[in-house]
Amino acid sequence: MEKHLAVRHLKTLSLLAALLGLLCAGIASADNGAKSKAKSYAFTVGSNTKVGAVVLPKGEYKVKLDGASAIFKQDGTGKTFDTPAKLEPAKESFDRTSLHIIEDGGQSRIVSIELKGTQTLLKFD
């Protein structure tokens, strides 16, 4: 009789261990999914354009935030460029993603980006 209870107890513990393992795997994959699904915002630059400390070659991009950095990914090539960004709140949500570009010594330079659907303005030095 004791052997029967020990086997049953062992099966119960094995089942609980398997369920705990599945739960941990589910939490880990949910966390990785959240990191990889950060919102990105698309835009195009018509010529080589400086932003912060980097120069973006002419092309289409997606930008996303990662802490205090803006990460720019060029469509087609997959190249990424990152630079520090300051986040500044706005009073109202932006209805589109807009770049504020100035000419600085013959070079185009992005000074800020309004992010569509947010009240966030990215500013660059």
Original post:
Once label points are set 7 Å from the Cα along Cα→Cβ at both residue 102 and residue 90, what is their separation, rounded to one decimal in nm?
Top reply: 1.9 nm
Original post:
Once the piece of chain linking residue 44 and residue 69 is laid out straight, how much longer is it, given 0.36 nm per residue of separation minus the C-alpha distance between them?
Top reply: 7.1 nm
Original post:
So, in nm, how far is label residue 123 from label residue 54 when the simple model puts each one 7 Å beyond its Cα toward the Cβ?
Top reply: 2.2 nm
Original post:
Tell me, what ³J(HN,Hα) does each residue in the stretch 59-72 have, in order and in whole Hz, if you take phi through Karplus 6.51 cos²θ - 1.76 cosθ + 1.60 with θ = phi - 60° and put x for Gly and Pro?
Top reply: x, 9, 9, 10, 10, 9, 9, 9, x, 9, 10, 9, 10, 9
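A short reminder: the numbers here are calculations on the coordinates, not readings from a lab. The structure presented is a predicted model; accordingly, all values stated were derived computationally and were not measured. Using ideal geometry, Cβ is built from the backbone for each residue, glycine included, and neighbour counts are taken over all protein chains shown.
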